[in-house]
Structures are given as C-alpha cells and as structure tokens.
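Chemist: Shown below is the structure under consideration.
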Amino acid sequence: MNCPRCKTVLKADKIKDFKARFEVDYCASCGGTWFDKNELSQIEHVIEPTLLEIRKVPTKTKQQEPLCCPCCNNLQYLQKAEHPRDKKVIIDYCPSCKGIWLDKGELAAIQKENWLITIGKIFKWLVGED
C-alpha cells in the first residue's frame, strides 16, 4: 500500500496498548498512519492527561485535500469528518473498506486532554452528573 498523502510505500508498525496489540501501516515520509477497520476504535479512547495541550496537526487546508484509499487501490476517495473528541482533527475514512487515515499528530491530539478537563470529568462522574 502507498501513502494517500505523499504516495510513499507504507511500512508496518506495531501498536501496543495495555488492551490492544495490532499492526498499522505507517508512512515514514509524512508520518501519517492507516488504520484498518475497527483498529482506531481500540485505542482512540485512551486519554493522556497533560498540563498544557499543544496540538501539532496539519492546517485545515492540508486536512481538506482529497485523498484516495490506499486499501482500495486508490479507486475510492476518502471521506472527511471531524473527530468527536477534537474538532481540529479531520479524519479521513473510506466508506467502502472502513479504514481510517490519520495525519501526523492527529492521534496524539485525539488522545491528549488538558488536566483541568480530566479533573472536571472525574468530578462530574463522582457527583453523578452526565
């Protein structure tokens, strides 16, 4: 498979989480990652609280560039959607094979959360609010 962003050959990379272990396809040139169907859902729920949340995601213009699915032999255009946890992250997904492309920095942006937000969520959970 080739990178949908820069057309470089994707390399296998292992994701190791305390609950999940699987292989993704990674672009050594631009830093993007291809997740096959249901792979991203296994790790996107992991939250890393941080004191200062600095996002390093591509510009909105770059994120809106049309990309073709590397899994469907570039015959299918990837659709765009805002990630529900971070509106600055535009994920690219294939309506056919259900794979997801994340540009460099987007997974980290999804998983990082400011400490104050995390503490607020814990407080709401403790007092029983949703």
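Chemist: At 1.4 Å probe size, with no ligands or nucleic acids counted, give the accessible surface of L75 in Å², nearest ten.
Modeler: Its heavy atoms expose roughly 150 Å² to the probe.
Chemist: With a ≥ b ≥ c the root eigenvalues of the C-alpha gyration tensor of segment 54-116, is it rounded (a/c under 1.5), prolate (a/b larger than b/c) or oblate?
Modeler: Details: a/c = 2.67, a/b = 2.05, b/c = 1.30.
Prolate is the answer for segment 54-116, as a/c is 1.5 or above and a/b outweighs b/c.
Chemist: Could you pull out the pairs from K16/K56; K60/K124; K98/K124 whose alpha carbons sit more than 27 Å apart here? Show your work: numbers first, answer last.
Modeler: Values: K16/K56 22 Å; K60/K124 33 Å; K98/K124 34 Å.
Checking Cα-Cα distances, K60/K124; K98/K124 exceed 27 Å.
Chemist: At 7 Å along the Cα-to-beta-carbon direction for both M1 and K98, put a label point, then send me their distance in nm to one decimal.
Modeler: Simple spin-label model gives 1.4 nm for this pair.
Chemist: Please list, or write none, the lysines whose alpha carbon is within less than 19 Å of the alpha carbon of K62, excluding same-chain residues fewer than 8 places away.
Modeler: K7, K80, K87, K88, K104
Chemist: Which FRET efficiency value, to the nearest 0.05, do you get for V9 and Q76 by plugging their Cβ-Cβ distance into 1/(1 + (r/R0)^6) with R0 = 25 Å?
Modeler: Details: r = 19 Å, r/R0 = 0.77.
Rounded to the nearest 0.05, the efficiency is 0.85.
The values are calculated or read from the model by the stated rules, or taken from the named source; none is laboratory data. These numbers come from a predicted model, not from an experiment. Glycine gets a Cβ as well: all are built from the backbone with ideal geometry, and neighbour counts include every protein chain shown. Heads up: the accessible areas ignore ligands, DNA and RNA and are worked out on the full protein's heavy atoms, side chains in. Shrake-Rupley method; radii C 1.70, N 1.55, O 1.52, S 1.80 Å.
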